[in-house]
Amino acid sequence: MNVPKLRFKEYSRDSTSAWVKAPLKEFIDDHKGGASLRPSDFLPSGKFEVIPKKAISSGGKLNLDKLNPTYCTETFFSNNQSSVIDRKYLVTTLRDLVPSGPSIGYIVKIEDDRKYLLAQGVYGIKIKDELDEEFLIQFSNTIKYRELMQTMMVGSTQVHIRNGDFFKLLLGVPSIEEQQKISSFLLRVDQKISLLTKNYELLAQYKKGVMQKIFNQEIRFKDRAGKDFPAWEYVPLEKVLDYEQPGRYLVSSTKYSDDFDTPVLTAGKTFLLGYTDEINGIFTDLPVIIFDDFTTAFKFVDFPFKAKSSAMKMLKNINSDNYLRYIYEAMCRIDFQGGDEHKRYWISQYSKITIPLPHHDEQIKILEFSAGIDKKIEIIKSKLELTKQYKQGLLQQMFI
């Protein structure tokens, strides 16, 4: 029987409720393609909003840019009604890739009652009653579906999926009642993910706000006797941090594997590049702040590692009375306008920046407070990741 691995009991007992596979086009009542806009058709503000390709990604909801929305003129909107849709339609894109990965084929829905103009490469599809829209959206987030999208992609500079190929996509569906039960269950999981995500973001914002007040000295700690700590000093980073060049810690081979033990790090967003089996030149003088001399990105590291970039500097305490983690927290509050890829910054500019330096006992108080919030953030983050993994497991087992 052609059924998924994981199924609700009331349907698994029913031998007549097998799933069927049919082309997506059989479930579509209508579809609309996007309009080709010229620069003169755009407006910085207005009421005729455009759905661009970047607004469509995983998750099932339309992610319009609230800070920089896209609008078109009333004339263009009126003259291109064949590209105007409302919440009766689901939205997908069959053209181009976005920087964060393939956006092609994700299906989302419009939550409000407004009418939108579709940009070129974006499509609106109105589905028939026998297909639950949330069921289709959830399916579009499965690995199986993403793999199908990859097989349909054509072109190199202008990557796209042909309409005809997309509508031939074989979709496995049960009865409408079972579709709705699957959708309802997965939506509850999504709600938990949304709640955890919101809690994570709120706690992170809370930490950022409180730590800023601490570093502005709007909030101060007391010593064990309940007295004020001494006044803070203000010192340049070069007076509290020494640096070491990465030369002898650079990895020789980029043939990384999860089977190896030693992490290879970069100070940028990627941070962990992979794992190496090289046993020589491992940095062990911990903790340390790794600093990218070109971009001024930095990370706090408390485990042995090897480095990838010759632009990385290892920053260490000069005076043991200061806590490196505190200095790192102070650096996180620095607003440095740099990042020139062709200029090194540490010696020339960054090390000259002044940071507040309290008594080392007050540094401890600040770090204890920060660590307490970090622990709560980490707990929520862990729950969020586990819930996301649980959702992915469900997606892989509840569809065919």
Angle in degrees between helix 143-152 and the longest Cα principal axis of the chain, rounded to the nearest 10
70 degrees
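Return the FRET efficiency for the residue pair His360, Lys208: r is the Cβ-Cβ distance, R0 is 22 Å, and the value is rounded to the nearest 0.05.
0.35
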Calculate, for Ser310 and Lys88, the FRET efficiency according to 1/(1 + (r/R0)^6) with r their C-beta to C-beta distance and R0 51 Å; round to the nearest 0.05.
0.35
The ³J(HN,Hα) series, computed from each phi in segment 177-183 with the Karplus coefficients 6.51, -1.76 and 1.60 at θ = phi - 60°, rounded to the nearest Hz and given as x for glycine or proline, is 5, 6, 4, 5, 5, 4, 4
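Rounded to two decimal places and with Rh computed the Kirkwood way over Cα pairs, what is Rg over Rh for segment 1-135?
Working: Rg = 17.8 Å, Rh = 16.6 Å.
Taking Rh as the inverse mean 1/r over Cα pairs, Rg/Rh reads 1.08.
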Between Lys47 and Gln389, what is the label-to-label distance in nm when each label sits 7 Å out along the Cα-to-Cβ direction?
5.0 nm
Taking Cα atoms, how many degrees apart are the long axis of helix 360-397 and the longest axis of the chain, rounded to 10 and kept between 0 and 90?
20 degrees
Log10 I(q)/I(0) at q = 0.13, 0.16 Å⁻¹ for segment 233-357, from Debye over equal alpha-carbon scatterers, is -0.51, -0.76
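My understanding is that a pair violates if its Cα-Cα distance is over 18 Å; which of Lys53/Lys109; Lys32/Lys115; Lys316/Lys375; Lys66/Lys192; Lys61/Lys126 do that in this structure? Can you show the working numbers first?
On the way: Lys53/Lys109 14 Å; Lys32/Lys115 13 Å; Lys316/Lys375 25 Å; Lys66/Lys192 24 Å; Lys61/Lys126 16 Å.
In this structure, Lys316/Lys375; Lys66/Lys192 exceed 18 Å between Cα atoms.
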Run the quick spin-label model on Gln337 and Glu10: label points 7 Å from Cα toward the beta carbon, then report their separation in nm to one decimal.
6.3 nm
Distance between modelled label sites at Lys227 and Gln397, nm, 7 Å Cα→Cβ extension:
6.3 nm
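Since every read-out is calculated from the coordinates, none of them should be taken as a lab result. Here the structure is a predicted model, which is why all the values come from computation and not from measurement. Neighbour counts are summed over all protein chains in view; Cβ atoms, including those assigned to glycine, are modelled from backbone coordinates with ideal geometry.
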